[in-house]
1. What's the exposure ranking of A:VAL289, A:VAL65, A:VAL10, going from fewest to most Cβ atoms within 10 Å?
2. Take chain A, connect every pair of alpha-carbon atoms lying under 10 Å apart with a spring to form a Gaussian network, then pick out the residue of A:HIS15, A:HIS336, A:HIS74 with the largest mean-square fluctuation.
3. Quick one: of A:LYS71/A:LYS277; A:LYS71/A:LYS235; A:LYS244/B:LYS74; A:LYS169/A:LYS319, which pairs are farther than 27 Å apart, Cα to Cα?
4. For a quick check, take a GNM of chain B with Cα springs below 10 Å and name the residue from B:PRO116, B:PRO107, B:PRO46 with the largest mean-square fluctuation.
5. Using only Cα atoms, tell me the angle between helix A:84-97 and the longest principal axis of chain A; keep it within 0 to 90° and round to the nearest 10.
6. Going by Cα centres, segment B:76-123 and segment A:166-238 are how many Å apart?
7. Please build a GNM for chain A, connecting alpha carbons under 10 Å apart, and tell me which residue among A:LYS342, A:LYS235, A:LYS44 fluctuates the most.
8. Taking each residue in B:29-39, count the Cβ atoms of any other chain within 10 Å of its Cβ, then average. What number comes out?
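Since every read-out is calculated from the coordinates, none of them should be taken as a lab result. Everything quoted here is computed from the prediction, not taken from an experiment. Using ideal geometry, Cβ is built from the backbone for each residue, glycine included, and neighbour counts are taken over all protein chains shown.
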Amino acid sequence: MSINGQAYIVGAYEHPTRKAPDKSLAQLHAEVAFGALADAGLSKDDIDGYFCGGDAPGTGPLSLVEYMNLKVRHADSTNVGGSSYILHVNHAAQAIAAGKCNIALITLAGRPRSESQQKGAPQRVDNPVQPDFPWEQPFGMTTLNAYAMCAMRHMHQFGTTPEQLAWVKVAASHHAQHNPNAMLRDVVTVEDVANSPVIADPLRRLDCCVISDGGGAVIVTRPEIARSLKRPLVKVRGAAEAIKHLAGGDVDLTYSGGARSGALAFEEAKLTPADIKYVSVYDSFTITVIIQLEDLGFCKKGEGGRFVADGNLISGVGKLPFNTDGGGLCNNHPNHRGGMTKIIEAVRQLRGEAHPAVQVANCDLAMAHGTGGLLGTRHGSASLILERE
Amino acid sequence: MSILSNTLPHHPEVQPFWSALEEGRFLIKGCRSCGRAHWYPRAHCPFCTSADTEWREASGRGTIYSYSIMRQAKPPYAIAYVTLEEGPTMMTNIVDSDLEAIRIGKPVEIAIRRQPDGDVLPMFKLA
Ligand SMILES: [Zn+2]
């Protein structure tokens with residue numbers, strides 16, 4: 001069974017807050033949920049499916065379904081880190097196609113800034129029972145150096161340069177200047193990135209995403225309901241996921257699970273990377289973007305550095321506009337999870353509702369892709385291809 | 001370095017590794033069925049699922065697959081993936097070495113080091 005054409009995204013909402021000391025986590029989830037409902041022109045009681053990730057407080061979906069007083073007959077709390085929400089659209093489309101629910105709500109929220117996780121290298125909060133724990137945590141592994149080792153290897157193997165990494169940040173900053181909610185709105189140059197302090201070789205401060213509070217939600221439904229609503233039609237053309245890991249010691253840090261999930265999503269959509277007018281791609285770090293763009297087939301493996309250079313990701317300038325909201329590098333990264341905002345900006349682009357300065361002309365096909373967990377150890381990749389109908 | 005104090009779960013599946021390390025021996029798991037060595041050690045071979053796995057004393061020699069130096073840490077430290085002579089690649093630290101001399105591809109050798117909290121860890125130094 002294919003989900004191509006079986007589901008539509010009819011509601012999308014990004015919380016404008018970037019620091020929410022006076023709001024509870026559940027409250028943020030409810031605010032983004034109700035924002036997405038208003039966007040779709042639906043009411044709370046229309047929801048019969050609910051999807052959440054590891055940011056949801058409580059046991060899976062239970063506490064939030066109660067908090068929002070929903071009545072659902074289908075739920076899914078698959079947690080693969082920051083890409084969970086892209087995966088959830090895939091799962092929601094499958095559930096809808098199978099008749100298990102009609103209107104699915106997916107939420108993300110978090111308040112790491114208000115919880116004082118403001119330093120750039122939060123210790124991973126892994127569980128000592130995890131089988132990998134004693135083989136990684138004692139060596140001072142953090143999110144930063146796990147991604148940095150991917151960058152170091154990529155540079156060694158393919159000749160990728162710090163300047164090429166910096167171009168990813170430069171492009172994001174060009175977009176963020178037009179987003180009044182973005183945390184970092186100043187346009188930066190390759191030199192600015194090069195002059196920022198090294199955090200974990202070879203990554204510098206400006207190679208890293210922001211830490212922010214906030215969240216977002218999307219609503220997925222079946223074609224008949226989508227057509228009865230007043231919003232532009234954003235159809236799910238293809239979606240896929242893949243988990244990549246250290247494979248018993250057979251380690252290759254130069255690629256991600258996106259190599260598999262991307263190919264499967266394109267196959268389902270009956271499209272190729274050349275068809276895509278806009279891409280939202282998880283930008284936890286600059287290197288994350290380069291590796292994923294290669295894996296998704298926008299360029300060959302190893303050529304990502306050259307591909308992103310010279311403004312090629314800047315809307316109106318380059319060939320592949322990306323993260324026109326400013327992405328995680330400049331806009332926000334609620335709960336250290338960037339997947340939801342990747343979907344939302346893709347929906348804005350397809351609806352023609354992105355900021356006019358970054359709106360891609362005739363944007364009829366877009367992709368949202370994410371990596372959750374750690375690129376340098378184990379992660380869940382999720383790919384989603386959307387079409388404006 | 002953010003070493004966790006005495007919290008490493010030494011459950012029976014991997015206790016022989018830690019016991020040997022205390023005695024200065026670096027063991028890895030290999031499979032009698034398919035022959036391959038793997039990392040991290042498991043009861044079942046992750047390649048062929050066989051339960052016929054055995055502890056093997058490793059040479060302690062390898063090369064750096066990748067690394068990063070945490071510049072903001074006090075003092076800075078090097079995390080790395082080292083590819084062992086026996087095949088598997090493992091996460092570790094490069095210690096007792098000039099951090100600026102660390103490069104991908106350089107040979108390293110095992111440096112078993114007791115941490116202030118008492119844990120003994122399989123680290124490496126430039127050969
Ligand atoms: Zn085997």
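1. Numbers: A:VAL289 31, A:VAL65 19, A:VAL10 28.
Listed from fewest to most nearby Cβ atoms, that is A:VAL65, A:VAL10, A:VAL289.
2. A:HIS74
3. Working: A:LYS71/A:LYS277 38 Å; A:LYS71/A:LYS235 25 Å; A:LYS244/B:LYS74 32 Å; A:LYS169/A:LYS319 16 Å.
Pairs exceeding 27 Å: A:LYS71/A:LYS277; A:LYS244/B:LYS74.
4. B:PRO116
5. 30
6. 36
7. Top of the fluctuation ranking is A:LYS44.
8. For this peptide, the per-residue mean of nearby foreign Cβ atoms is 2.
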